[in-house]
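Each remark here refers to the structure printed beneath this line.
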Amino acid sequence: MDNFELICPAGTPAALRAAVDAGADAVYLGFRDETNARNFPGLNFTRQDVADAVDYAHARRVEVYVAINTYPQAGNLGPWQKAVDDAARLKVDAVILADPGLLAYAAKRHPDLRLHLSVQASAANVEAIRLYRDAFGVRRVVLPRVLTVPEIAKLNAEIDIETEVFVFGGLCPMAEGRCSLSSYATGLSPNKQGVCSPANHVRYEQRGGALASTLGGFTINVFGEGEQAGYPTLCKGRFVAGDGPAYLFEEPTSLNAMDLLPELKAAGVRALKIEGRQRGKAYIAAVVRAYREALESFAAGRPVPHIDLQAMVEGGTQTTGAYTRGWR
Amino acid sequence: MRDPDAAQTVSTPTVSEDRARRFETGLSRAGLGLVPRLGRRASDALLARLLRLLADRHPRAFEALREMPDASVLIEPVDAPVALLMRVGRDLSLHALPRGVHGADEAAADAVADAVIRGPYARLLDLLEGRIDGDALFFRRELSISGDTALILALRNTLDGEDEMDLVADAASIAGPLARALPVLRRNAGPVLDRIEAARRLLPPPLRRGIERVEARITGTLPGSGM
């Protein structure tokens, strides 16, 4: 049986080198514009950066995937199509796309370019996945973080393309590509402009020992003195409803599915994805190194080791998310 | 598929290396504390020289800092006598500002900058050198930010996009003899400090506390604060 592929994030060239050196099988990244879902200030790659990244990674037999996974709007297809053309020209190993029109463009213009279906497409059932395979020749689908392991196993038994799942990092409790919470508060969309909780709409303020976070002028959380903080996303906001303040959608927490490697292997998963293109290279190095060690141990038939990644997680808590609790 | 033989081992610092790093951090903080005593003109000139040196060594990052809209970020170590005001944009510059007695007057500090980053000196240095993840520090509340979040994010991502910086060595390299001494000091600091620590444990408590007070005066911190 083949080993899992370990797919790792890179928001900057230095993070890419950290991921490659720490043991990635492939690194995913985005261009420095709205064509990818992590369009944050100071982040992402110029075309020259991507060319350098491909050279660095390929010299070490590591693959490079480019995420072009936001949705182009009517009358403005140019940046997205150019991103696909440039990714093909720069000889990346795959592009990660979500929009059907862009998938059609890539399949027609670059028949040799490997296509992965982004989690932003939220393809979570057999018929949807088959459609993307048949219509565009998609070779791999990244599954949304709303499926249990038994559901993933059932899905894999009925499809003949590779599946990739998230194993560590931010936990989007909403179906990706269909979330409008941040758009509601800020007028900017994760799906169109690539910005969930855009930084220029975020403010933090100290209120005595407490830390308040606001998004688009709405206070969305107040962390008490000494309480671990989280990202300023609405889905992890704490709201007053009924008896008092509570996390109505999801708590500030990070996904960590390291303990589920045997179950994910049995479910037929091909690749494991670490989230965090917005995180620093120290995070990338630590998490990739830990997962590489766990995978090597698992591949050798030894128990999956317990590796402490507590220092890296949001809100100081970890979860196996929907994989085990049937969350919807 | 990656070449398994090509994987590099990223080593975890030993206790000895940690001790040497804490010592080095304490000394560099003490050095930073001396900068404003040079007077405004001399300290600005010194920091401008340091900035030029960093720009030469990290051209990609500094070009990006110059391309940012004009703005200023106050980098404020809560356990040091000075803060650094960094202006980004065309007129990239660095200035040392004395902090208030008993910690910063936060309102006054916020007023001079578009954004403020506060945290222990050692953590800020680790962050600037890309040794630690800023989000993780923020989650643990060891780092606080206020003002223009997008500006802080852009600054953090730009600096983190560089391969690891060595600010202590860079600062030392503009001080002539110190630059030549630093590699030797670094090589020997860990083992020497280990021996001092072992000897210290054998001392009677009053003498031990006396030494700690002297160390605190040298490094500008209190013993046990983790420097």
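Observations
- When DSSP beta bridges are restricted to pairs lying wholly in chain A, around 40% turn out antiparallel.
- Percent breakdown of C-alpha pair distances by 20 Å bin, ordered from the shortest bin, for the protein assembly as shown: 20, 53, 25, 3, 0
- Anisotropy class of the range A:249-328 from Cα gyration tensor, a/c 1.5 cut: oblate
- Computed from the Cβ-Cβ distance with R0 of 30 Å, the FRET efficiency linking residue B:66 to residue B:212 stands at 0.10.
- Extreme residue, positive dipole direction of the protein assembly as shown, given options B:171, A:12, A:113 (C-beta unit charges): B:171
- In order through the range A:296-307: 3J(HN,Hα) via Karplus (6.51 cos²θ - 1.76 cosθ + 1.60), integer Hz, x for Gly, Pro: 5, 5, 5, 5, 7, x, 8, x, 5, x, 8, 10
- Computed FRET value (nearest 0.05) for residue A:59 with residue A:311, which takes r as the C-beta separation and R₀ as 41 Å: 0.85
- The three principal axes of the Cα atoms in chain A give end-to-end lengths of 57, 53, 39 Å, sorted in falling order.
- Put a dot 7 Å past the Cα of residue B:16, heading toward its Cβ, do the same for residue B:196, and the two dots end up 1.6 nm apart.
- Protein-only accessible surface order, largest first, of B:92, A:248 at 1.4 Å: A:248, B:92
- Of all beta bridges that DSSP places with both ends in the protein assembly as shown, some 50 percent have antiparallel geometry.
- Farthest toward the positive end of the dipole of the protein assembly as shown, out of B:124, A:237, B:211, is the Cα of B:211, where the dipole comes from beta carbon charges about the Cα centre.
- Euclidean distance of C-alpha centroids, the range A:154-170 and the range B:39-97, integer Å: 47 Å
- Length-normalised contact order for chain A - Cα pairs under 8 Å, 6+ apart - percent: 21 percent
- Put a plus charge on the Cβ of each Lys and Arg, a minus charge on the Cβ of each Asp and Glu, and nothing anywhere else: the dipole of the range A:1-148 about its Cα centre is then about 160 debye.
- Note on residue A:207 and residue A:91: with the Förster distance fixed at 51 Å, the Cβ-Cβ geometry gives a FRET efficiency of about 0.50.
- The slack between residue A:175 and residue A:130, meaning 0.36 nm per residue of separation minus the straight C-alpha distance, is 14.3 nm.
- For the range A:180-328, fraction of C-alpha pairs farther apart than 23 Å, in %: 48 percent
- Taking every DSSP helix (H) stretch of at least 4 residues in the protein assembly as shown, weighting each as -39,500 (n - 2.57) and dividing the sum by the residue count yields a mean residue ellipticity at 222 nm of -12500 deg cm²/dmol.
- Taking A:234, A:260, A:117 in turn, the Gaussian network model of chain A (Cα-Cα springs below 10 Å) assigns the largest fluctuation to A:260.
- With the simple model of a label 7 Å out from the Cα in the direction of the Cβ, residue A:73 to residue A:154 spans 3.9 nm.
- Each label point was placed 7 Å from the Cα along the Cα-to-Cβ direction; for residue A:246 and residue B:78 their separation is 3.3 nm.
The values are calculated or read from the model by the stated rules, or taken from the named source; none is laboratory data. Because the structure is a prediction, the values reported are computed rather than measured. As a convention, Cβ positions derive from the backbone with ideal geometry for all residues, glycine included, and neighbour counts pool all protein chains shown. Heavy atoms of the whole protein, side chains included, go into the accessibility calculation; ligands, DNA and RNA do not. Shrake-Rupley method; radii C 1.70, N 1.55, O 1.52, S 1.80 Å.
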